[in-house]
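S.K.: The structure under discussion is supplied below as structure tokens; questions concerning it will follow.
The values are calculated or read from the model by the stated rules, or taken from the named source; none is laboratory data. For clarity, every value in this text was computed on a predicted model and none was experimentally measured. Here the Cβ positions follow ideal geometry from the backbone for every residue, glycine too, while neighbour counts run over all protein chains shown. The protein model used for the area step is the full one, side chains on, heavy atoms only, and it has no ligands, DNA or RNA in it. Shrake-Rupley method; radii C 1.70, N 1.55, O 1.52, S 1.80 Å.
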Amino acid sequence: KLECADLHVAGAQLFRHTFANMALDAPAGPPPPDVVTERQRQGWNWAAQKYAEMLETTAYIKPATDLIINTLRDKYGSSAFTLLDVAASVGEPGISIAQCFPQCRVVSTDLAEENAKIGPAFASKRGVANITYESA
């Protein structure tokens, strides 16, 4: 079970994993955008399962999720709508939104392919079927 203090450790590990060899791989000066994008993808693929576990065991994202849900409730009520969740990881807060608004459709996207693989099982555990996953 991950604790909130583990967020700092996991974040530092992700940063080191993502950027450790960038200076060795790139010529002098800033790395080209495609190199940064690929390193980000590799880093988030590496961290996907740990991040999913952290989301299941902590409530750190709940205040932001509640604010989003209340805003959507005020705007849409019980009307149908589609929500695009960008850089969604395994789909939170999208899963909570889909759970609160069964009439809506949530499309969860992320750079890391691993999140699109883990996400459907993560949503299924919570009984949510109105969310789809795509990797960018």
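S.K.: With the full set of protein chains in place, find how many percent of the accessible area of the range 32-135 is carbon and sulfur; take the probe as 1.4 Å.
M.R.: Working: 3080 of 5470 Å².
Heavy-atom surface of the range 32-135 belonging to carbon and sulfur, 1.4 Å probe: 56 percent.
S.K.: Calculate how large, on average over all directions, the projected area of the Cα convex hull of the range 32-135 is; give the answer in nm² to one decimal. Mind showing how you got there, number by number?
M.R.: On the way: hull surface 26.6 nm².
Across all orientations, the range 32-135 yields a mean hull projection of 6.6 nm².
S.K.: Counting only other residues whose beta carbon sits under 13 Å from that of residue 97, what net charge do I get with K and R as +1, D and E as -1?
M.R.: On the way: positive: 62, 73, 75, 105, 126; negative: 66, 85, 92.
Net charge around residue 97: +2.
S.K.: What are the residues whose amide H is under 5 Å from the amide H of residue 83, where those residues sit 5 or more places off or on another chain and H is modelled from the backbone?
M.R.: 105, 106, 107
S.K.: Please give me the summed charge of the neighbours of residue 116: other residues whose Cβ is under 9 Å from its Cβ, Lys and Arg +1, Asp and Glu -1. Could the numbers behind the result be given before it?
M.R.: Values: positive: 117; negative: 110, 113, 114, 134.
Value of the local net charge: -3.
S.K.: Just to confirm, what accessible area per residue do you get for the range 32-135 at 1.4 Å probe, in whole Å²? Please report the intermediate quantities before stating the final value.
M.R.: Working: 5470 Å² over 104 residues.
The answer is 53 Å² per residue.
S.K.: Along the range 54-71, what does the Karplus equation 6.51 cos²θ - 1.76 cosθ + 1.60 (θ = phi - 60°) give for ³J(HN,Hα), rounded to whole Hz, x for Gly and Pro?
M.R.: Once rounded to whole Hz, the list reads 5, 5, 6, 10, 10, 10, 4, 8, 4, x, 5, 4, 4, 5, 4, 4, 5, 5.
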